[in-house]
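Remarks on the structure that follows.
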Amino acid sequence: MIEGRILKVSGPLVIAEGMREANMFDVVRVGAAQLIGEIIEMHGDRASIQVYEETAGLGRGDKVVSTGAPLSVELGPGLIRNIYDGIQRPLETMRKKYGPNIIKGIDEPALDREKRWYFEPAVSYGAEVTGGDIFGYVQESAAIRHKLLVPPGYAGTVAEIHAGEFTVTETVARLRAADGEILPLCMMQKWPVRRARPIKEKLAPSEPLISGQRTIDALFPIAKGGTACVPGPFGSGKTVVQHQLAKWSDVDLVVYIGCGERGNEMTDVLREFPELTDPRTGKSLMERTILIANTSDMPVAAREASIYTGITIAEYYRDMGLDVAVIADSTSRWAEALREMSGRLEEMPGEEGYPAYLTSRLAQFYERAGKVVCLGADGRRGTLTAVGAVSPQGGDISEPVTQATLRIVKVFWGLDSSLAYARHFPAINWLTSYSLYRDRLADWFSTHIARDWMQKTGELLRILQAESELQEIVKLVGMDALSDDDRITLETARSIREDFLQQNAFDEGDSYTQAGKMYALMELIFAFDRKMRKAVAAGADIDRLAALPVREEIGRAKSVPFADFRAKYAEIEAQIDAEITNAAKEETA
């Protein structure tokens, strides 16, 4: 046991001497209250410690004890449906035991040591297994069948294995290694949060993550195993966009990290998710959700740990061959924690006071996303998708955190406060946002949705871009200066904005849109555009055509339930034909 003494306390930073034998990133216990900390710098026998709890009351000479182990998370059955703080302490368990306030020095295990799980063996006596192989199953939730994996680095012959009910710490199997050593296996393993879990191979993402949000799926898609950021000023809807992604994305598991945001936002998640039905399974969304809550009133240093805690848990489930999404809200608050610690360590500051290593730390987080071939003999594949919110002050995306993030991620969903204040949700600006996965995903959309999907969505973007240019002309010389074609383009663009891109997160039929329904809605808008152009060329009045009652029906079509949309859309298309034909006849009569 390595024991030192405190020399200095500066907020969440503690300097201790007598720690020469300690290692970087070792977890330490600080002071009489046994506060949890982590060594982040070593100078001779002096260790700089980042303390993850309130340091008020610590003083010079107080004892510091190293555990000799890095900051790690417990991985096993019982993670799903739980809510943890930044260092994986179960908040609900602590509330029941200690009351509503987190008491200093609490060291509560992340996984319930009393609960018994039914273990179903996946291998038999005498089988040869190695790190990453599946040796058993546990039905962890209604949506997830938990695959128990041989820890990386283990290998041997199964010498003993039993079905039955066990706690996570009880031995369920034993391996005989090549040297004759017996290795016990339980349902829990630990892993250091700052080290990525090993994989066999990293693959290029090739399949989209379908979110049911039309702006995202049609215009700026993200691949499973991809990376995205959602920057925007206060009130532009970052959290709501991330909630929608967490609720409706077609992934097997969601790890939602509330990193430095307000507590009421996590409260919304806790209240809403149990009541929402997962469109994939028909079960509660909490059956496939893990929450990490390190809100703005919790110690600032723990924000950094929360990001690593969340991504490590996500990697564990990815290693089972699952599709996992990590939603981080927000990486700006995490970067602020880095800035505070860097300042207290008296490091040379970079731009706006952020540490010079800000970009590399962000890259270390996002590079853990990806589509991979997992360890194990079965060659299973898993994906980990990372989506991070960025909260630039005043929406200034030129600030360091946003710019560093944009250099790393492949999808940019830029939020616009003017769209948010106009009640346009999601407030993703279609002129500034982009996705570098569009071309890579073209084959998937062409094969699984429609052969001309990319052509149609590209046309949407072209019309919206043309609208922006035409609006500049209208501001200068007025609408009368535009040609008939240009006026129709403006009408079609308005329909795309209001009838296609805008969604109602509280409408059951509109909150989530299946890809087939999206394509049919695009077809309706383009059908009206084609027939309107044909009628105007034959002499019909644009203003009259733009005011036809069927325009309202197109607007309401997005709320039609999925089971009924094909029949309803065919009815609307027939109505478009009839109304435009009648209007054209009356004009030319």
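Which one is modelled with the highest pLDDT, of the residues in the range 45-57 that are surrounded by fewer than 18 Cβ atoms within 10 Å (Cβ to Cβ) and either among the hydrophobic types (A, V, I, L, M, F, W, C) or out of contact with any Leu (no Cβ under 9 Å at 6 or more places or on another chain) (or both)? Spell out the reasoning first.
The first filter runs over the range 45-57 and keeps only residues surrounded by fewer than 18 Cβ atoms within 10 Å (Cβ to Cβ), leaving 45-46, 54, 56-57.
Filter again for either among the hydrophobic types (A, V, I, L, M, F, W, C) or out of contact with any Leu (no Cβ under 9 Å at 6 or more places or on another chain) (or both), leaving 45, 56-57.
On the way: D45: 93, A56: 88, G57: 89.
Looking at the filtered set, the residue picked out is D45.
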Exercise. For K371, are the conditions met, namely being within 25 Å of A515 (Cα to Cα), touching a Pro at 6+ places or on another chain (Cβ under 6 Å), open to solvent by less than 40 Å² (accessible area, probe 1.4 Å) and at pLDDT 90 or above?
Worked result: yes
Seminar exercise, completed: For the range 130-148, the count of residues that are touching a residue at least 12 places away in the same chain (Cβ under 8 Å), open to solvent by 10 Å² or more (accessible area, probe 1.4 Å) and assigned to a strand (DSSP E or B) equals 5
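Scan the range 149-166 for residues that are of a type outside the set (F, W, Y), open to solvent by less than 50 Å² (accessible area, probe 1.4 Å) and outside any loop (DSSP other than H, G, I, E, B) and jot them down. I'd like the intermediate steps shown before the answer.
Kept after step one, since they are of a type outside the set (F, W, Y), are these residues of the range 149-166: 149-153, 155-165.
Remaining after also requiring open to solvent by less than 50 Å² (accessible area, probe 1.4 Å): 149-152, 155-159, 161, 164.
Residues satisfying the conditions are L149, A155, G156, T157, V158, A159, I161, G164.
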Seminar exercise, completed: When the range 96-131 is checked residue by residue, the ones that are within 29 Å of the chain's Cα centre (by Cα) and either under 21 Å from L375 (Cβ atoms) or of a type in the set (G, A, S) (or both) are A110, G131
Exercise. Which is over 29 Å from G212 (Cβ atoms), assigned to a helix (DSSP H, G or I), at pLDDT 90 or above and not polar (S, T, N, Q), of E491, E472, E523?
Worked result: E472
For this session: Scan the range 216-234 and give yes if some residue there is outside any strand (DSSP E or B), more than 21 Å from R440 (Cβ to Cβ), in contact (Cβ under 8 Å) with a residue 60 or more places away in the chain and aromatic (F, W, Y), otherwise no.
Result: yes
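Among the residues of the range 505-556, write down those that are of a type in the set (D, E, K, R) and farther than 30 Å from D278 by Cβ.
Start the filter on the range 505-556 by keeping residues that are of a type in the set (D, E, K, R), which leaves 507-508, 510, 517, 523, 529-531, 533-534, 541, 543-544, 551-553, 556.
If the condition is that a residue be of a type in the set (D, E, K, R) and farther than 30 Å from D278 by Cβ, then D529, R530, K531, R533, K534, D541, D543, R544, R551, E552, E553 are the ones that fit.
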Exercise. Of all strands (runs of 3 or more DSSP E) completely enclosed by the range 249-333, which ones contain at least 1 residues that are open to solvent by 10 Å² or more (accessible area, probe 1.4 Å) and among the acidic types (D, E)?
Worked result: 323-329
Seminar exercise, completed: Selection over the range 415-451 where residues are open to solvent by less than 70 Å² (accessible area, probe 1.4 Å) and assigned to a loop (DSSP other than H, G, I, E, B) yields a count of 13
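Looking at the range 498-524 only, could you name the residues that are surrounded by 17 or more Cβ atoms within 10 Å (Cβ to Cβ) and more than 18 Å from R451 (Cα to Cα)?
Step one: filter the range 498-524 for residues surrounded by 17 or more Cβ atoms within 10 Å (Cβ to Cβ), giving 499-503, 505, 509-513, 515, 517-522, 524.
Residues satisfying the conditions are D499, F500, L501, Q502, Q503, A505, G509, D510, S511, Y512, T513.
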Exercise. If you take just the strands (runs of 3 or more DSSP E) that sit entirely in the range 11-108, which of them hold at least 2 residues that are touching a residue at least 40 places away in the same chain (Cβ under 8 Å) and touching a helix residue (DSSP H, G or I) at 6+ places or on another chain (Cβ under 7 Å)?
Worked result: 72-75
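The values are calculated or read from the model by the stated rules, or taken from the named source; none is laboratory data. Owing to the predicted nature of the structure, the values given are computational and were not obtained by experimental measurement. Quick reminder, even Gly has a Cβ in these numbers, built from the backbone with ideal geometry, and neighbours come from all protein chains shown. Ligands, DNA and RNA are stripped out before the accessible areas are found, and what is left, the full protein with its side chains, is counted by its heavy atoms. Shrake-Rupley method; radii C 1.70, N 1.55, O 1.52, S 1.80 Å.
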